[in-house]
Amino acid sequence: MTTKKVQLRPSRIFADEFKKSCVKEYETGQFTVLELSKLYQIHTVLIYRWIHKFSSYNKRRIKVVEMADSSKKKVKELNARIQELERIVGQKQLNIDFLEKMIEIAKESYGIDIKKNSDTPPSTGSEKTSKG
């Protein structure tokens with residue numbers, strides 16, 4: 001008769017602070033439960049228990065549904081939007097630099113200060129005009 005040796009997996013005990021930080025990462029949308037599970041090598045059931053215990057949003061008997069595909073799609077769309085906005089900002093900055101250089105060249109060539117005179121009081125736009 002042969003005996004089989006079984007290795008027991010060492011049990012890990014997590015501090016409440018760690019549990020709360022995991023729940024906070026989940027609540028802020030930084031990570032999904034599955035991502036937290038893979039990141040910290042913790043079973044998803046444990047993370048859901050922590051969410052029910054420490055979360056101010058999720059209570060027991062409320063089903064938490066994560067749409068993995070839609071959240072990934074949303075992140076991709078937001079990243080694409082960020083890249084588009086960064087490109088637009090870069091183009092606008094190039095235009096501003098170009099116009100400032102043109103003003104500087106005009107000032108040097110013609111001796112005219114094109115920039116708005118700071119001594120001129122701003123117009124209120126509320127004065128009545130007479131119709132002739």
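The values are calculated or read from the model by the stated rules, or taken from the named source; none is laboratory data. Just so it is clear, the model here is predicted, and its values are computed rather than measured. Quick reminder, even Gly has a Cβ in these numbers, built from the backbone with ideal geometry, and neighbours come from all protein chains shown.
Annotations
- Test result for THR3, at negative phi, β-branched (Val, Ile, Thr) and at pLDDT 85 or above: no
Let's see how each residue does on (1) at pLDDT 90 or above; (2) of a type in the set (Gly, Ala, Ser):
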position: ILE82; (1), (2): yes, no
position: LEU85; (1), (2): yes, no
position: GLY90; (1), (2): yes, yes
position: ASN95; (1), (2): yes, no
position: ALA106; (1), (2): no, yes
position: ILE112; (1), (2): no, no
position: THR120; (1), (2): no, no
position: GLU127; (1), (2): no, no
position: LYS131; (1), (2): no, no
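- Verdict on ILE47 being at pLDDT 90 or above and either more than 30 Å from ARG12 (Cα to Cα) or polar (S, T, N, Q) (or both): no
- Residues that are acidic (Asp, Glu), in a helix (DSSP H, G or I) and surrounded by 10 or more Cβ atoms within 10 Å (Cβ to Cβ), drawn from segment 87-117: ASP97, GLU100, GLU104
- Taken together, the residues in segment 1-51 that are in a loop (DSSP other than H, G, I, E, B) and more than 16 Å from SER71 (Cβ to Cβ) amount to 18.
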